[in-house]
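For reference, the structure discussed in these notes is given below.
The values are calculated or read from the model by the stated rules, or taken from the named source; none is laboratory data. Model, not experiment: these values are computed from the prediction. Cβ atoms come from the backbone with ideal geometry, glycine included; neighbour counts cover every protein chain shown. The area values use the complete protein model at the heavy-atom level, side chains included, leaving out ligands, DNA and RNA. Shrake-Rupley method; radii C 1.70, N 1.55, O 1.52, S 1.80 Å.
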Amino acid sequence: MAAGAKGVLVVTGGSRGIGAATCLLAAERGYAVVVNYAESVTAAEHVAAQIHARGGVAVAVRGDVSLEEDVEHIFAAADRLGTLVGLVNNAGVIDVAARVDEMSIERLTRMFSINVIGSLLCAKAAIRRMSSRHGGKGGSIVNLSSAASKLGSPGFYVDYAAAKGAIDTFTVGLALEVAAEGIRVNAVRPGIIDTDIHASGGEPDRVARIAPTLPMARAGTAEEVARAILWLLSDEASYTTGTTIAVSGGRAIVP
Ligand code: NAP
């Protein structure tokens, strides 16, 4: 398949971790990829350069998903690459461990602005391009939930868990809202995945500490999550919408 022939995919937070793995695999599968990032310009450009080196199509685009003008900028870059066929709402943040009675309004606003509102704003921009209601040819959206949405993360980050719970509900509601417009909406629910996110929550050794206690006795990799995302995006999942796939090695699979 020619590079980029599958159409354009926007991956938010594509500079690092699960997003970067998703960008690389998507390009390999024939998507032209918008590698969005917030701050890590070098990392995002490295992902795009790796795709170019393999003969793929990609562009690194800065933008904070919680700001609507930035979201428009991200999707304008997608329009320049071709026809949008997919969105991966991957950008996400945690914060340092805290109890709810210690959380500042600034922390709560950031948590929900990026993890929840950012995903809704990007979905809005994608639907306006992909929905048959707006003259589009259809597409697929994959949201990043978390095992935290089922576990609640007491004593660590109930705010993050609640934000991911919102993503679960958003996935169901949006899937039904656009099901007849050619757009499928699904989510993946990662467990403990070996990325930088744990260090950004002040716990660089979190993966090593928890991994032996997990059902499969190891953490997952970003690539293992990316494979589930790519399946949900693909025509292989043509009758799958409104669902969530746990990619957690057995963690938090019981509701
Ligand atoms: P990560 O390694 O910390 O990477 C986060 C990515 O999000 C980075 O590319 C970052 O960009 C981007 N980002 C952060 N804030 C942004 C904003 N306002 N606008 C645009 N991009 C922004 O995280 P990860 O572990 O790969 O996690 C990816 C997703 O999976 C998140 O939604 C996370 O909640 C979810 N998840 C992860 C795990 C896990 O164990 N790792 C488990 C469950 C769910 P910069 O590089 O520019 O900062």
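Please give the per residue accessible area of the chain, computed with a probe of 1.4 Å over protein heavy atoms only, in Å². Walk me through the intermediate numbers first.
On the way: 11470 Å² over 255 residues.
Solvent-accessible surface per residue comes out at 45 Å².
Taking square-rooted eigenvalues a ≥ b ≥ c of the alpha carbon gyration tensor, is segment 5-68 rounded, prolate or oblate, where a/c under 1.5 means rounded and, failing that, a/b exceeding b/c means prolate? Let's see the in-between values first.
Details: a/c = 1.98, a/b = 1.47, b/c = 1.35.
Prolate, because a/c is 1.5 or more and a/b exceeds b/c.
Round to the nearest 10 and give me the degree value, 0 to 90, for the angle of helix 41-53's Cα axis relative to the longest principal axis of the chain.
Result, in degrees: 50.
Provide R54, R80 ordered by accessible surface of protein heavy atoms (probe 1.4 Å), highest first. Intermediate results must be reported in sequence, preceding the final value.
Numbers: R54 155, R80 175 Å².
Reading off the accessible areas and sorting them downward yields R80, R54.
At a 1.4 Å probe, what is the % contribution of carbon and sulfur to the accessible area of segment 8-247?
On the way: 5700 of 10490 Å².
It is 54 percent, rounded to a whole number.
Step by step: find N for segment 144-216, compute 2.2 N^0.38 Å, then divide the Cα radius of gyration by it. What's the final number?
On the way: Rg = 14.8 Å, N = 73, 2.2 N^0.38 = 11.2 Å.
Compared with the compact-globule rule of thumb, segment 144-216 sits at 1.32.
Need one word for segment 70-149: rounded, prolate or oblate. Basis is the Cα gyration tensor (sqrt eigenvalues a ≥ b ≥ c); a/c below 1.5 gives rounded, then a/b vs b/c decides. Please report the intermediate quantities before stating the final value.
Working: a/c = 3.10, a/b = 2.46, b/c = 1.26.
Prolate.
Distance between Cα centroids, segment 179-255 to segment 29-106: provide it in whole Å.
The distance from the Cα centre of segment 179-255 to that of segment 29-106 comes to 18 Å.
With just the Cα atoms of segment 104-255, tell me how far they stretch along each of the three principal axes, in Å, largest first.
Result for segment 104-255: principal-axis Cα extents of 50, 38, 26 Å.
Which order do the peptides 130-142, 4-16, 170-182 take when ranked by the mean count of other beta-carbon atoms within 10 Å per residue, highest first?
Numbers: 130-142: 18.5, 4-16: 24.8, 170-182: 16.6.
Output ranking for 130-142, 4-16, 170-182: 4-16, 130-142, 170-182.
Sequence-distant or interchain residues sharing an amide H contact under 5 Å with V185, placed H: which?
It is I141, G242, by chain and number.
Under the rule of -39500 (n - 2.57) per DSSP H run of 4 or more residues, summed and divided by the residues of the chain, what mean residue ellipticity at 222 nm is obtained, to the nearest 500 deg cm²/dmol? Write down the numbers at each step before the final one.
Details: 10 runs with 106 residues, N = 255.
Per the formula, -12500 deg cm²/dmol.
Does segment 35-189 come out rounded, prolate or oblate by the C-alpha gyration tensor, with a ≥ b ≥ c the root eigenvalues, rounded set by a/c under 1.5 and, if not, prolate when a/b is larger than b/c and oblate if not?
Details: a/c = 2.10, a/b = 1.35, b/c = 1.55.
Verdict is oblate for segment 35-189.
Rank-order 19-29, 194-204, 102-112 by packing density, defined as the average count of other C-beta atoms within 10 Å over each peptide's residues, highest first.
Working: 19-29: 24.2, 194-204: 15.8, 102-112: 13.0.
Most protected by this proxy first, the peptides run 19-29, 194-204, 102-112.
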